[in-house]
Structures are given as C-alpha cells and as structure tokens.
Protein chains: 2
Amino acid sequence: MGNDSEFDQVHGAEAVEAEAVADRRTFLQGAAASAAVGAAALALPSWARGGAAADDMAAITAEIEKRHEESVKRLQTWIRQPSIAAENREVNEGCELTMQMLRDAGFQSVTKVPSDGQPGIFATLDAGAPRTLGVYFMYDVKQVTPSEWSSPPWDAALVDKPGLGKVVVGRGAVNQKGPEATFLAALHAIRGSGRKIPVNLVLVAEGEEEIGSPHFAQIVRRPEVIAALKKTDGIFMPSASQDLDGSVEITLGAKGVVELELVSSGERWGRGPEHDIHSSEKARVDSPAWHLIHALNTLVSADGNDPAIPGFADKARPISAAEKEMIAVAAKRMDENLSKKAFGVKHWVHDVGWQESIEMLMSRPTVNIEGLVGGYTGPGGKTILPHRAVAKIDLRLVPDMTALEALAALKDHLAKQGFADVEVNMTGGYDPNSTSADSGIIKTEIKVYRNAGIDPIILPRSPGSWPGYVFTGEPLRLPAGHFGLGHGEGAHAPNEYYLIDSANPKVQGIDGATRSYVEFLYAMAA
Amino acid sequence: MGNDSEFDQVHGAEAVEAEAVADRRTFLQGAAASAAVGAAALALPSWARGGAAADDMAAITAEIEKRHEESVKRLQTWIRQPSIAAENREVNEGCELTMQMLRDAGFQSVTKVPSDGQPGIFATLDAGAPRTLGVYFMYDVKQVTPSEWSSPPWDAALVDKPGLGKVVVGRGAVNQKGPEATFLAALHAIRGSGRKIPVNLVLVAEGEEEIGSPHFAQIVRRPEVIAALKKTDGIFMPSASQDLDGSVEITLGAKGVVELELVSSGERWGRGPEHDIHSSEKARVDSPAWHLIHALNTLVSADGNDPAIPGFADKARPISAAEKEMIAVAAKRMDENLSKKAFGVKHWVHDVGWQESIEMLMSRPTVNIEGLVGGYTGPGGKTILPHRAVAKIDLRLVPDMTALEALAALKDHLAKQGFADVEVNMTGGYDPNSTSADSGIIKTEIKVYRNAGIDPIILPRSPGSWPGYVFTGEPLRLPAGHFGLGHGEGAHAPNEYYLIDSANPKVQGIDGATRSYVEFLYAMAA
C-alpha cells in the first residue's frame, strides 16, 4: 500500500528502489542539510523547564537511564515477533504481544477489537488527569527480503554505525516499533519514578497499516472507541522525527491516496482476443493493450502533469495564503540542489522554481503511473498480441477530495470516454487529512521541540499518506499528528534501524527520545 | 524474433501462449477443418505420373522404404544436437553436423561461410542437370523449457500419438530439422536407387533463423553464393505443410516485420527522475511513463487499429483484384467460426466480415504492442514514480515497404511529435517478400500437390514473416517458397513433433514426405 505512516517515512513507503537512493532527509530535500546550518548555532537540548516541575523531570530522567536496558530489550522482543499482514504471518501473535506491552505500561483496559481483517486494539489508561490524549499505534510491519539484509531482519541485532552510534537493526525498528516502544518506555519511566502519567491515554492500534489500513475505520468507529476518542485533545503517533543532523519537520496533515489497477482485457471489452495470440493477427483483431493506452491518454494533460479527469479535483482546496507563507519560510531552509540531486531531476514540472515546487508537492492532486505490465515483458521481443494489459495507478488527493469521490470520477470519466469496459480495481487508499497549526497538539509539539533547541520546519501537508482521516474526519474531527525525537532509517527497505545510543548530541538515542515523550505528555497536560 | 520461417509456422513463432491454444490449423482458421470436406472426396495420393518415369519412381519408392530406419535415425541424430543461437549453444557443432549431412547426401561442395554472427553454409550439388534449384536450410532451433516437455527435448523419442501415428518428439522436429532431414532422405533415396538427382542444387543455410536472421543477408550476398543462386529457377525451404486432415496452404510471400522497443527514461528525456522515486513526487516531477503513453498514443488511430505514423505505409501496395479473388476462393474453404473460437475473438476490427478479415490479414501494415513493462509490475501496487518505461512493439510490413524505411518513418514521427528522446531500439526484423503465382516454382508446387490429390489453398501472403527477402529482393529477385508434404506441430512450443508413421492415409509420414520431395525435384526438372 501507498499509505505512509508519516511524512518522514513517506520515502520509506513501498518505493524501495527510491528509498535506497533518496533517504528520508531528501524527501522534501535538503531539509536536513540546510537546517543543520541553523542547528549548529543552537544550544543542545536543554529540556530546561517544559511543563514539568524540575524535580519531577530529574527523577524521571534518572529512571529513564536506569531502565535503558529494559527499554532496549522491550524493543528487541517486539522486533523479533514479525507480524506481517501482507503475508498473514503471526499477526494475531503480534496483536497479543502488543496488548501485553500496553498492559505492562499501565493501560488498565486493553481490548482486542475484531475487524473484517486483522484485529485492532483499543486501550485506555486512566490517570485521573484533567486532560486526555489519543495515541495511534500500528503493530504490523512490512515484508522483508532477508537476503538483502546485513543482519537478519528478525534478530534485532545491536550494531555500531560509524558516526551515528549504536542502532538496533530489524524490520519495524523505525516503522514503527522503535518509536512506539520508546513511548512505552516513557510511561514506564514516569510510573517507575513514582509519578502519575500527566494525561489520560486512549490508544487505538491496527495490524494492517502496511496493507493500507483497510479495516482501520471499522476499528475506530466502534461506539466505545469513538466515545473514548471524543474525550481526547487530539491523537498522535510516536515517530522518530529527527534527521541525521537533528532537524525535525512537522506536517499539518497528509494527502489522501487511491491505489488502483486499470485492466483492459479482451474478455471484458468484448473485442480483441481472450488469450494471447500471434501478433500478425493485429491486422484484423483489436488490441486490449492499445485500448489501455488510449484510456490512459485521457487521464492527464499532454505533458502528463495535470489530471484531466472531470470532477476529480473539483473539491481540491486551493493553497491558502497562510500555507504559501509557511512554505516560503520552509523553502528557505531547504536546499533545491540537494533535492534535485537526490531524485536525479533536472527540472521540476513546468520548470517551476523551488518554492513553487514545494507548493505543488503539498497542494496538487496527482494521477501517477506506478507501473505498466502487459503481454511479453522479458528480454527482446515476442510476437504476440496480448489479451490483457494493466496500468498500476495512484491518485493523490488533497482536502477536501475523498477517495471514493476520486474513484467515482475516474470511473465516470472512463465510461463517458468509451472505456466502460476497462476495469478499475482499487487496491487501497483513503482520504486526505488536515490538522490546524492552531490546534493544541501541534502547538504543543512545536513548543516541546523548541524547548529542545530544535526549530521545526512546518509544512502544510505531507505529500505522502497515512490513515489520519479516521481521526480528523467525521465524526471525530480530532487534530492528529506525529511526534517524537529520535532517529531511524530504512522503513520498507533492507537494514531498517533505530538509533539506541547516539554519537551526535543533536540527535537523540532511545533515552533522549523517551525524554521527549515525557516532555510531550507533561506539555499536553498543561 | 518475430520471423516465422513459414506461414504454417507463424503461429509457432515466439507466441508460445498463443501456440498452446491456437494450433497451426487455426492460424488462418478452419483451413484444415473445411478443407477436410473437400479432401474427403479426393483419391489418396496417387503420384501416378508426375515428371518422373514410372519405373524410376517405383525404384526410388522402394529405396525410400528400404532406408526408412536410416532416415529416422538421421533426424534423431540431428535433433539430439541442440544448436541454439539465442543461447550461443553448440551452434558451430550444429553447423559442422549439418555440413556433414549435406556431404553424405551428395553435395560435392560444402563450405562454412563466416558472418559477423554464427556461420552459414553454402553447398552445391552438381548433377549435370539442365536446371538448378535453390534450397534454404536453417540449422538452429528455438530455446526450450525442458520442464514443460512430456519427453526431453533432446531425446528425439519416438512416441505413439493416438489417431495420428508414430511421431518423433524434440526441439526442431518440425521447425525445421524434420522437413530438412526428409529432403535429404529424398536425395539418398534417388542416389541409392542408382538414379541421378534430376536438378542441380544450390543450398544456403543459416544458424540464426530463430534470432531473426541478422546476418543471413551477409551470407547470401557473398559473390560466389550470389553467382550460384542466380543460376537457380527459384529457392524453397522444405516444410511439413500438411494439416491434420492433409490439407495444404501455399502463400506467395510473407509480410516483413520490425521488432523494436520504445524506451522512455528520465535520463534520456532530461525531465523526470533518473531512478525510481516516491510517487508523491508526481506533483512536481515529470513522468517518463506518461511520456511513453503519450508517444504511443500518436502511433495508431483512436481505435488502435490503423497505423498513424506519416510515411510508414506510403509504399504499401494495395491489395490487387487478383489477390482479392484468391482470397475470395480461399475464404470459402475456411471456417470463420473456428477461427474466432480459436482466438477467443467475437469481432474482427471494424466488425468486418470473414473475407475482408483475411484481406486485412494479408494486406494491412500493423503497429502492434507485444508488451508493456515499466515501474512496478508485481502484485498490488507500489508507490513509485518510475524513471523508465518500455513498450515492445512490432510493425508488420507489406510490399513495397521496407524495414529500414518503416523504422525511419517511426523515428521521424516521434521526433516531430516531441518525442525525439524516446529511444527506438530495433531488436530484429526484415523486409516483406513476394513471389508470383506464375513463377515456375509455385506452379510446380501446385502441380505436385494436385498430383497427390491435394488442392492447395493459395493465399497472397503469409501474415507472418520469414527472411525470404534475401532471395526475392535485389539483386537475386528469385521466386521463393516452402514445399513439402508431411505434418508436425509445436514449433517454438513444448512437445514439438514431426510425423514419422501416419495413421491417416491423407497425412504423410516421413516416407510419404520424402516421396513428395522426389516428385518435386523431378517436376522442377521437367
């Protein structure tokens, strides 16, 4: 699935080839490198005050350090349990393990929530606090090709990475078990130091994030879950948000996505052959492959850049003056040349400049070809007239577009253009989501990052996708985002890692990241 | 390669999937089945007179029968020597074996002809006869996937096929070692009976037919080869021309073919990425896949059926009144429903009728998509923007089009349409060829078939391709065709076979096929 659990992991989505070359720092490009210039002038994280009393924080910090080994082992235990929804591999076991970890961390109520797919988890921690915070977990991980890994993906080996520090290597290390385990470590540290968790928690988890969260809405929209979430001030997903230089980005929502296959076949068309035939027959037999080409040709402008599906983007909200201003500020902190180099791109579409390219990335709905496959695909040629051809497409959506309306517009357009026979098979996707910069959770994130000496780059939207619409849309309308110091790379790629002990004081290892969650909880309580 | 060494093997070309369903009788469709009605009323092959004196023929026939085991063993020996140009596998060994077989059959001069690829063979048999006949051999065979075979492809096992008789199973059995070995058996039988070969022979052979004969012109156009071929009345390739019911088709030439890949890439285009990147970047990065779709869209009419490349078909000779009449006669002997059923086709292009569909098959140049491959081609989706996409295309050409002019027209068109960056990589192909129905070789073929009680279906052209242009074009301008009774199936497919002992008196086994070559040689001498 093309759903990316957060902005920083977008490049980690299925695009493994892309990932291998363009690491996460290059997604918006150069953010890391140019932010480094600013970061160099900043003090190291002070955590001076935050919302917590200084003595509380000293005790909790001591507890974090005391429990370091325990926290690392917890994460290793979790990584060693695969839980791959795409392969239906040990998913229920992964659910059970996650539930036990939640109980151990102090959630008093932890319930398995059945769905039409893999089960979800609904858990609450009542701290008797005035305020309540929502937490989103995923407990599944992406598939692996073990031969591509330098250490086995389920070993959770601790490895020294020169210049970086000690990391744990394994599938799920950063996406998303590392940050999630670190958040649990924060709960253990607070309680272990004799303090109360400063906010009540309502947690929902799913085991199908990596296949596009097809049943997540089912899980969240159960009456008891809705009722609990309605009491929260917002919901966040723990995330290792730091780049290699310590910089952090905050995105105020994400694009939606629809992944689908367009299939042209002789069987459905009623023209052309029902199986591959000799290519000389083209002289008198219709070609489903040409039919697909002609259908595709109607979907975008002649340069391939602007969607040409009537109604598709009618509800796309134009970029606002505030968003443009936000991007203008961010663009100055990012490096266009680094970005272009990372992508191997010489020109943006329409030869726009850097700032406009970011505006487009944030605000433009897209129709993209992920893949083409039909007939003979091996070396050289083969003289066939194929009976079937497929285009793999993704549509990216901005507010207030919806996945179902985008799909309907596409189907309607194809039918009107004479391609009603071309199958439109949606394989996954969901709506965009938006969270206001003025929401308490985002303001708190910014405050906590700044307290750590990090000035986050703030962007209107992630161009990637995550299923935040379940929280930000009806009926909850919650602010939703990602938070957390810490660092990792390789989501969906080989040698995924999460930083345990950092060699760079500007980048937090697991203890510093744990501290960031403690700070965040205290700040949310304030 | 898309070059099909003869009409009857067209369906046997690389289209293995097609082959598995549509056997050779269904290529022009129903030819076999409806011809069967006529054949039932005919006498069994009489060979009553032909050009040979009756006592000559009786002695030769006895010799054929006497040498039956020897002939079968020769074919088995040949099949057991693979010779696969596509894999550069034992090709020189195959050349040496073929040369020895030619010497054994009475060719006094047998020379290996070097080329920039695999070697050819130039051989002459001077019988002191007034007339000279050209012969074309190929000694290479198509690749195999042994696991798909019921008996190993290099075993040349003799197998009983219920209702058909005893066959030899092996790669090359029908394409083309079986018919070629049978022709050699005819030479052995004539000489073994104490008779002289009735015509002189000039033979050229190649070992790269299955990869598109890329160096065959080099071999044929050597001065000594040209000089020898110029003395011939025409050139033929031995071929197992009988369908399961004994019917035979004669085609007066073949379409030409160009196989090529169209490659759109960010590297060449100078727009879009140089490697696969995350699909969300489509909002600001050009897509080489869309670029390919738009380029493809300009190549054919909106229904995908008519080439739209200016200049491409300018030299296409329209179908003549004589050709139309030939097709009208043939169409009545062929079964449209059988044809449509074999292809899984409900309508011909433009909903034309049966006769017109055959006219189109014979006379229309085509632009066909063999395959599409780009980006992610596995199950489901993957959120990438691919840097490269490829369309595998074949062009079919009719006289007086040429492969090079077709290629040039395509390149010129793409450049003018703004797709100069799209690579056009020709992987193989050659010009069409034509032979007059009034040529001596065709008239003799018809006469010999009719002497055998078979009324051949005559068609203006094979919709498939073989490298006959080397003979029919400048400077030789020879008539060229295929001839031979006998039967086999499975060219380029698993379980290729050639009929040894026929259970059906209307279909000839190896001895009856040998006799057909004897008759043909005598008839050519007359």
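The values are calculated or read from the model by the stated rules, or taken from the named source; none is laboratory data. Just so it is clear, the model here is predicted, and its values are computed rather than measured. Backbone-built Cβ (ideal geometry, glycine too); neighbour counts: all protein chains shown. Each accessible area value is taken on the protein alone, full model and side chains, heavy atoms only, with ligands, DNA and RNA left out. Shrake-Rupley method; radii C 1.70, N 1.55, O 1.52, S 1.80 Å.
Couple of notes before you dig in:
- Using alpha carbons only, the radius of gyration of the protein assembly as shown set against its Kirkwood radius gives Rg/Rh = 1.12.
- Area of residue A:338 that stays accessible when all protein chains are in place (1.4 Å probe, Å², to 10): 70
- Computed with a 1.4 angstrom probe on protein heavy atoms, the B-A interface buries about 7400 square angstrom of accessible area in total.
- Here the accessible area is traced with a 1.4 Å probe on the protein chains. For segment A:459-516, carbon and sulfur cover 46 percent of it.
- 5 angstrom amide H check on residue A:134, placed H, neighbours 5+ away: A:202, A:233, A:234, A:235, A:236
- Computed 3J(HN,Hα) for segment A:292-300, one whole-Hz value per residue from the Karplus formula 6.51 cos²θ - 1.76 cosθ + 1.60 where θ = phi - 60°, is 5, 4, 5, 5, 4, 4, 7, 8, 9, glycine and proline marked x.
- Rounded to the nearest 10 Å², the accessible area of residue B:187 at probe 1.4 Å: 0
- The listed residues B:469, B:497 rank as B:469, B:497 when sorted by accessible area, largest first, using a 1.4 Å probe.
- Relative contact order [Cα under 8 Å, 6+ residues apart], segment B:283-387, whole percent: 35
- Whole-number D in µm² s⁻¹ for segment A:383-526, Kirkwood Cα-pair radius fed into Stokes-Einstein, 20 °C, 1.002 mPa s: 113
- Restricting segment A:212-287 to trypsin sites (Lys or Arg not before Pro) that sit in a DSSP loop and have at most 14 other Cβ atoms within 10 Å of their own Cβ leaves A:221, A:231.
- Each Cα pair under 8 Å and six or more residues apart adds its separation to the average, and for chain B the resulting relative contact order is 27 percent.
- Hull-based mean projected area of segment A:248-288, where the convex hull spans the alpha carbons, in square nanometres: 5.7
- Most to least packed among A:107-115, B:320-328 [average Cβ atoms within 10 Å]: A:107-115, B:320-328
- Taking the accessible area of segment A:65-217, probe 1.4 Å, and keeping the other protein chains in place, the carbon and sulfur fraction comes to 47%.
- Between residue B:506 and any residue 5 or more places off or on another chain, the built amide H atoms are never under 5 Å apart.
- Accessible surface area normalised per residue over segment B:168-209 is 14 Å², counting heavy atoms of protein chains with a 1.4 Å rolling probe.
- Based on DSSP H segments of at least four residues, each scored -39500 (n - 2.57), the protein assembly as shown has a per-residue ellipticity at 222 nm of -9500 deg cm²/dmol.
- Overall form of segment A:75-177 per C-alpha gyration tensor (a/c, 1.5; a/b vs b/c): oblate
- Translational diffusion coefficient of segment B:207-301 (Stokes-Einstein, Kirkwood radius from Cα pairs, 25 °C, 0.890 mPa s): 128 µm²/s.
- Residue pairs exceeding 23 angstrom between C-alpha atoms, taken from A:382/B:411; A:332/A:447; A:73/A:443; B:315/B:411; A:166/A:196; A:416/B:392: A:73/A:443; A:166/A:196; A:416/B:392.
- Convex hull projection area averaged over all views, segment B:196-257, Cα basis, nm²: 6.6
- Restricting segment B:461-526 to trypsin sites (Lys or Arg not before Pro) that sit in a DSSP loop and have at most 14 other Cβ atoms within 10 Å of their own Cβ leaves B:477.
- Across segment A:226-280, Cα-Cα pairs farther apart than 18 Å form 70% of the total.
- Measuring how big segment B:453-526 is from its alpha-carbon positions, Rg and Dmax come out at 15.2, 45 Å.
- Around residue B:320: net Lys/Arg minus Asp/Glu count, Cβ-Cβ under 14 Å: -2
- Structural descriptor for segment B:414-509: relative contact order 22 percent, calculated from alpha carbon pairs under 8 angstrom and at least 6 residues apart.
- Whole-Å distance, taken between Cα centres, linking segment A:73-121 and segment B:105-164: 66
- Equivalent ellipsoid semi-axes, chain B, via Cα gyration tensor eigenvalues times 5, rooted, Å: 41, 25, 23
- Per residue accessible area of segment A:78-122, 1.4 Å probe, in Å²: 41
- For segment B:249-321: rounded, prolate or oblate by the Cα gyration tensor [a/c cutoff 1.5]: prolate
- Inter-part distance where segment A:239-275 and segment B:257-315 are each reduced to a Cα centre, Å: 21
- Accessible surface of residue A:68, taken over heavy atoms with a 1.4 Å probe and every protein chain present, rounds to 30 Å².
- For residue B:335, the amide hydrogen comes within under 5 Å of the amide hydrogens of B:30, B:31, B:34, counting only partners 5 or more places away or on other chains and with H modelled in the peptide plane.
- Solvent exposure ordering (accessible area, 1.4 Å, most first) of B:148, B:209: B:148, B:209
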